[in-house]
Amino acid sequence: ERASEREKKMFVLLEKAKASPSPGRRRHGGVVVAGATRASSSLSSSFNRKLYHHHRCHGRLGRSPARAPPSHATSSSRLEPLRAPLESFMARPPSERDQALGTSEILEAMKVLRGEGKLKLWNAAGATSVRRNVFPGELTRGPNKLACEPSAIATPSVRNDAAFLATVVLSTSVLATVAGAVLPGDWGFFSAYLIGGINLVVLAIGSTAPGLLTVLTDKFSLVFPDYRERTLRHEAGHFLVAYLHGCPIADYSLALKGARVALAKAVLQRELYRGRLEDRELDSLAVIAMGGVAAEALKYEKIVGQSEDLFDLQSLINKSEKELSDSEQQNLTRWAVARAATLLNEHSVAYDRLMEKMSQGASVYECICAIESAAA
């Protein structure tokens, strides 16, 4: 009997030892990680993982929870009805795409998705872009502060022209010197003069027909290391600002001398042939035209790609129902840049994601999904 009692006591002690936690098995407020049996061990581990996640989410471990990167799969699936009209547009001949034909299907698809609440950013700024007075000082301070001086917006860039002329002068000077020193007699004399005369020919063409040198001067854009980033920022600015104003974007290009966003560009051209523009239409189109300039001005001290944008803006102003004075035209330009800069700052996440997609050569559908993922 005494032996049986001792065995019972030993059995009770063993059970207590199994049930009591060891020092190395305590975590987070004394929660037991491992139990006496396999089932209790699994349950305890699961409970501890939940409690650890709870502590992390409420900051008890001194660390903020890591946010999972946003998934574009959700926005991509809900925007699937937009894929077909975009692909149909790209299947058209280039002549029809340049004339902005076939955009009604894209526009209708966007309107339907907007009505269903699936396009949250498309046409989100159309009703709020109302012209106001903007003084030059507003562009040099505050949230709309530009990296460049306001006067640089209306100053055409001569960077490519200067690089081209410098290259021509230096190269012809070296060749003329070498020819005069190497070639014998009159050959060296006349060769040096003929090579040096190339400079005069180039200056004459540039003064009388500068468009003939455009192809050559544009090639010198590639000499500058910031060219590709400038082009990307400029066209992404047009893309996003036009999208925010309800423009049916269907294509874009970052190629040299072909960088443009269609149909932001096409819509601007089409509006010029539809009669006079009301103030509301002029305001939205002016912001779209200055979207690329604002994107460059927020980053760089000098703007390179503003010439065509300013030309488009002036064409729109000329089609206004109300004739604008010089001061009103200048104010419209300042306001359009300020408004575009505000939209790019407010939607900086969408802008960054759009630039990332455009730099990868993604389709317009993928670019739109990236924009909308920022609103999710």
- Pairwise label distance in nanometres, Ala163 with Glu108, each label 7 Å out on the Cα-Cβ vector: 4.6 nm
- Task: Could you list which residues have their amide H under 5 Å from that of Tyr252, counting only those 5 or more apart in sequence or on another chain, with H placed in the peptide plane?
- Result: Ala262
- In terms of modelled amide H atoms, which long-range or inter-chain residues lie less than 5 Å from the amide H of Asn123? Leu244, His245, Gly246, Cys247
- Using the Karplus curve 6.51 cos²θ - 1.76 cosθ + 1.60 with θ = phi - 60°, work out ³J(HN,Hα) for each residue of region 175-182 in order, rounded to whole Hz, and write x for Gly and Pro. 5, 5, 5, 5, 4, x, 8, 9
- Hey, which of these cross-link pairs are over 29 Å Cα-Cα: Lys118/Lys319; Lys322/Lys357; Lys120/Lys299; Lys319/Lys357; Lys120/Lys145; Lys111/Lys319? Lys118/Lys319; Lys322/Lys357; Lys319/Lys357
- Considering only protein heavy atoms, what is the solvent-accessible area of Thr231 at a probe of 1.4 Å, reported in Å² to the nearest 10? 20 Å²
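Around Gly115, what is the net charge, scoring Lys/Arg as +1 and Asp/Glu as -1 over all other residues with Cβ under 14 Å from its Cβ?
On the way: positive: Arg78, Lys111, Arg114, Lys118, Lys120; negative: Glu108, Glu116.
Counting the neighbours of Gly115, the net charge comes to +3.
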- Work out from phi, with θ = phi - 60° and the Karplus expression 6.51 cos²θ - 1.76 cosθ + 1.60, the ³J(HN,Hα) of each residue of region 113-122, listed in order in whole Hz, and give x for Gly and Pro. 5, 5, x, 7, x, 8, 10, 8, 9, 5
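The values are calculated or read from the model by the stated rules, or taken from the named source; none is laboratory data. Just so we're clear, the structure is a prediction, and the values are computed from it rather than from any experiment. Quick reminder, even Gly has a Cβ in these numbers, built from the backbone with ideal geometry, and neighbours come from all protein chains shown. Surface accessibility is based on the protein's heavy atoms, side chains included, excluding ligands, DNA and RNA. Shrake-Rupley method; radii C 1.70, N 1.55, O 1.52, S 1.80 Å.
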